[in-house]
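Participant: Dumping the structure here so I can ask a few things about it.
The values are calculated or read from the model by the stated rules, or taken from the named source; none is laboratory data. Because the structure is a prediction, the values reported are computed rather than measured. Here Cβ is always computed from backbone atoms with ideal geometry, including for glycine, and neighbour counts include all displayed protein chains. Remember, those area values only see protein heavy atoms, side chains included, never the ligands or the DNA or RNA. Shrake-Rupley method; radii C 1.70, N 1.55, O 1.52, S 1.80 Å.
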Amino acid sequence: MERCGAAMLRSIMTEPDFNLLIALDALLAEGTVAGAARRLGLSESAMSRTLARLRAVTGDPILVRAGRDMVPTPRAEELRQRVGELTQGVRDVLRPSAERFDPATLERVFILRANEGFVEGFGARLVSAIEKAAPNVRLRFAPKPDKDVEPLREGLIDLDIGVPGETGPEVRVQALFRDRFFGFAREGHPLFDGAITVERYVAFGHVTTTRRGRAVGPADTALEALGLTRRVVAMVPSFPSAIAIVARSDLLSLAPESYLRAITAYRSGLRMFPLPVETAEITVSLMWHPRMDADPGHRWLRGVIIETCRTA
């Protein structure tokens, strides 16, 4: 046991002192003990002692007198480039990764789970911003069938975008924007022939968007308080499906305002309107697992998404 301890001690004592590498780099760059001392914030006497240690370790004088100046030895000249590269490598390893991150050199596929409302409303702006700053980054938008956080925990997706459900205590949540529901109908719908009252609103059939097959939507609680109900004639799993039906019928539906504004900006034949009842606002958020907090690429992407939503 004592022999093992002694061997370990000798091993530790013979390990190279990487501070000497930094000192050697400074000496070769400055060419004088005084210059190297200033560079490293040391006294000249401390730098002289370090040079003596370097000479002992390398078996080479490193710097020798040439008149009033000091010049590097052939061995020191040979080491100059390698020492510079090694010290830069050490600095890069010990520097926080975010400081050396450059999105222009990033090659990565990020998986974002978001519903079609977010993709329609913000997808084009987000993809454009990513392509401009990081041409080798690709975004994969994954469908959002539910609010389960397991894909985040298991690393199957990088980010989840939407209205948070039961996220779990460890999941990070960053609010992106607040949204509200608007109604929509085809252009020329009889609803637009007069004031949009609650009574006229419930007189028409409705299409609801639901992932779980539920006929009740955001407006129904407010309608119930007034003693009214909607006549739901169809339930669909997505907003595009609701639009496809509403655009060819006299049915009504509702969707987030941000989504409808994006759709009506380039699609004709559809008209949005404020609901005649109050519905609660929703907060669309960005969610991720804490293991990705310090990842430079992930952090950068989060910033791009937040800025895209803010400016949009």
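Participant: Can you tell me which residues in the stretch 135-158 are in a loop (DSSP other than H, G, I, E, B) and closer than 16 Å to S285 by Cβ?
Facilitator: Result: K144, D146, K147, D148, V149, I157, D158.
Participant: Just to verify a result, which residue in the stretch 245-258, among those that are at pLDDT 95 or above and in a helix (DSSP H, G or I), is most open to solvent (accessible area, probe 1.4 Å)?
Facilitator: Among them, the one singled out is I245.
Participant: Can I ask one more? Tell me yes or no: at least one residue of the stretch 176-198 is under 21 Å from A265 (Cβ atoms), open to solvent by less than 50 Å² (accessible area, probe 1.4 Å) and either in a helix (DSSP H, G or I) or among the hydroxyl-bearing types (S, T, Y) (or both).
Facilitator: Yes - at least one qualifying residue is present in the stretch 176-198.
Participant: Now for a different question. Quickly run through the stretch 30-47 and pick out the residues that are open to solvent by 60 Å² or more (accessible area, probe 1.4 Å) and either assigned to a helix (DSSP H, G or I) or among the acidic types (D, E) (or both).
Facilitator: E30, R38, R39, L40, E44, S45
Participant: Within the stretch 218-238, can you find the residues that are open to solvent by less than 20 Å² (accessible area, probe 1.4 Å) and either assigned to a loop (DSSP other than H, G, I, E, B) or over 21 Å from R186 (Cβ atoms) (or both)?
Facilitator: Scanning the stretch 218-238 gives A219, L223.
Participant: Filter the stretch 283-294 down to the residues that are surrounded by fewer than 17 Cβ atoms within 10 Å (Cβ to Cβ) and either not in a strand (DSSP E or B) or not polar (S, T, N, Q) (or both) and list them by number.
Facilitator: P290, R291, D293, A294
Participant: For the stretch 98-131, which residues satisfy the criterion of being in a loop (DSSP other than H, G, I, E, B), open to solvent by 40 Å² or more (accessible area, probe 1.4 Å) and touching a residue at least 24 places away in the same chain (Cβ under 8 Å)?
Facilitator: F101, E107, N115, listed by residue number.
Participant: Given (1) open to solvent by 50 Å² or more (accessible area, probe 1.4 Å); (2) at pLDDT 85 or above; (3) acidic (D, E), identify the lone condition not met by D158.
Facilitator: Among (1) open to solvent by 50 Å² or more (accessible area, probe 1.4 Å); (2) at pLDDT 85 or above; (3) acidic (D, E), the lone unmet condition for D158 is (1).
Participant: Further, regarding this structure: If you scan the stretch 161-175, which residues turn out to be modelled with pLDDT under 90, open to solvent by 40 Å² or more (accessible area, probe 1.4 Å) and under 19 Å from G117 (Cβ atoms)?
Facilitator: Matches in the stretch 161-175: V163, P164.
Participant: Can you pull out every residue in the stretch 155-201 that is of a type in the set (S, T, Y) and more than 22 Å from D220 (Cβ to Cβ)?
Facilitator: Selection gives T167 alone.
Participant: OK, next. Under the condition of being among the acidic types (D, E) and within 13 Å of the chain's Cα centre (by Cα), which residue from the stretch 271-312 is nearest to G162 (Cα to Cα)?
Facilitator: So the residue we want is E307.
Participant: How do the pairs read when you match residues in the stretch 74-86 that are farther than 14 Å from G31 by Cβ with residues anywhere that are not in a helix (DSSP H, G or I), using Cβ under 8 Å and keeping only pairs 6 or more apart or on different chains?
Facilitator: R75/D60; R75/I62
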